[in-house]
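Okay, structure first, notes after.
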Amino acid sequence: GPPFVLPLNNERIFKAGWVNVLEVASPELMYVQMDGMLDQVWRMEEEMEQFYTQEMAGQKIVPEKLSVGLAVSAVYRDTAWHRGRVVSIEAEREAVVIFYVDHGWSGLVKMDTLMCLDSQFYKLAEQAVPVKLSGLKRLADMKYWSSGIVREFKEIVNRAKGRGWMQMREGDNSVDLFMKLVSRNGNKWGPGMMALINQALVEKGLAVAKTGHSPGVL
């Protein structure tokens with residue numbers, strides 16, 4: 001089949017806009033989905049449902065043909081078909097780890113449930129777009145972002161219900177992310193203002209600002 005469409009260059013996807021933060025791995029890797037794209041994803045997934053379930057069309061994947069990076073159609077916990085990519089193969093469990101390219105989820109899926117991704121489902125670019133926050137580096141003594149820092153970052157994102165305004169920085173493919181900051185007891189910090197999350201992580205002692213970096217402004 002055709003090569004699976006790689007994520008469009010982020011610059012071409014957006015310069016600025018509302019996003020849903022789908023998944024947070026660290027301040028250097030988040031998956032976001034641009035507003036307005038969800039309808040297209042749903043429409044495509046309805047067509048996948050029609051094709052794979054109702055028409056029982058499509059081809060099963062032969063386990064010998066499985067390889068890391070292969071694009072597939074896979075069912076998730078919601079029992080619906082989604083586009084995925086093979087991340088790793090767990091042969092002894094007859095399963096593969098799938099990254100769901102439009103939603104940012106990962107999951108372990110039995111090999112015998114995977115279907116070849118039909119060519120009609122290649123048209124839409126992957127909608128879980130990987131981005132990193134601009135102007136941040138890890139605390140001096142850290143080789144990687146600690147689970148505690150990632151957990152606090154996720155909490156901030158979750159309390160803002162994953163909704164934010166994102167702006168691309170020139171040059172290095174990093175972003176400024178603005179969200180409504182909400183404290184643990186539900187009070188917004190300030191009068192419901194949008195705050196720069198990059199800056200909030202620095203103020204909370206979770207990250208260090210890169211020297212000479214000017215914070216983004218709305």
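Scanning region 69-93 for residues that are more than 13 Å from MET48 (Cβ to Cβ), basic (Lys, Arg) and in a strand (DSSP E or B) returns a single hit, ARG85. Can you pull out the residues in region 194-218 that are without any contact (Cβ under 8 Å) to a residue 24 or more places away in the chain, buried (at least 18 other Cβ atoms within 10 Å of the Cβ) and of a type in the set (Gly, Ala, Ser)? Correct list: ALA195 only. Of all the residues that make up region 23-68, how many are open to solvent by less than 60 Å² (accessible area, probe 1.4 Å) and in a loop (DSSP other than H, G, I, E, B)? Selection size over region 23-68: 8. Restricted to region 97-118, and to residues there that are of a type outside the set (Asp, Glu) and part of a helix (DSSP H, G or I), the residue that is most open to solvent (accessible area, probe 1.4 Å) is THR113.
The values are calculated or read from the model by the stated rules, or taken from the named source; none is laboratory data. Values in this document were obtained by computation on a predicted structure and should not be read as measured data. For neighbour counting, all protein chains shown are included, and Cβ atoms are generated from backbone atoms with ideal geometry for every residue, glycine included. Accessible surface areas use protein heavy atoms only, side chains included; no ligands, DNA or RNA. Shrake-Rupley method; radii C 1.70, N 1.55, O 1.52, S 1.80 Å.
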